[in-house]
Amino acid sequence: MRILVQRVKKASVQVEAKEIAAIQHGLLLFVAVGEGDDSKDIEHMVNKVLNLRIFPDDSGKMNLSIRQVSGEILSVPQFTLYADTSGGNRPGFEQSAQPIIARKLWQDFNSVLISNGLIVKTGNFGAEMQVNLINDGPVTIWLDSKAK
C-alpha cells in the first residue's frame, strides 16, 4: 500500500464538476493498493497516518499528530502511485491491485481510520476526479507499507 500524505489547510474533490467531499485543516491522502496488500498493510498504514507527527506544536516544530490537532482526512484513491516507467515513457500499472480488491482494501483502510475517531471524507473510487488543495508548509510525505 502506498500513500502520498499532504498536510493541508483545506482540500476538496470534484467529480463531473460537482464537489463530493471537502475538508479543512488536516491531511489529504492519495491512497494506492498494491498487488498482494492485505489487512496487515492496512494496519501498518493506519498506524503511520494516526501517529505521523507533522503538525506544528506551540514552538512551531512538527511534533503533533492528526488526532492531536483534531484534523480531518480526505482519502482519495489513486492507483497511479504504482506507476512503473522503467520500461519506457508510458507507465505500466501491473503492481496495482485489481480494482475489486483495491476498492475493498481502500474502503477498509478508511473504515479503520473512522473507527479510530477521525473524520474521513473520500473521493470516488474509479471516477475521474479533480482535487483542489492548499498544501500547508508545504509538507508532503511518501509512505509505503512494504518499506517497514
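Derivation of every value follows stated rules applied to the coordinates shown; laboratory data play no part. Small disclaimer: the values here were computed from a predicted structure and weren't measured. Cβ placement follows ideal geometry from the backbone for every residue including glycine, while neighbour counts extend to all protein chains displayed.
Descriptive notes on the structure:
- Sorted by Cβ density within 10 Å, fewest first, the residues ASP108, ASP57: ASP57, ASP108
- 222 nm mean residue ellipticity, helices alone, for the chain (DSSP H n ≥ 4; -39,500 (n - 2.57); rounded to 500): -6500 deg cm²/dmol
- Loop-located trypsin sites (Lys or Arg not before Pro) in region 1-81 (DSSP state other than H, G, I, E, B) with a sparse environment of at most 11 neighbouring Cβ atoms within 10 Å: LYS61.
- Net length available on complete extension from LEU64 to GLU94 is 7.2 nm, with 0.36 nm assigned per residue and the Cα-Cα distance removed.
- Normalising the average separation of contacting C-alpha pairs (under 8 angstrom, six or more residues apart) by the number of residues puts the relative contact order of region 2-144 at 39 percent.
- Debye log10 I(q)/I(0) for the chain, one point scatterer per Cα, at q = 0.09 Å⁻¹: -0.27
- Relative pair counts by distance (%), Cα atoms of region 62-135, 10 Å bins: 16, 38, 33, 12, 1
- The distance between label points at SER111 and HIS25 comes to 3.1 nm (points 7 Å beyond Cα on the Cα→Cβ vector).
- Annotation: the antiparallel percentage among DSSP beta bridges lying fully within the chain is about 75.
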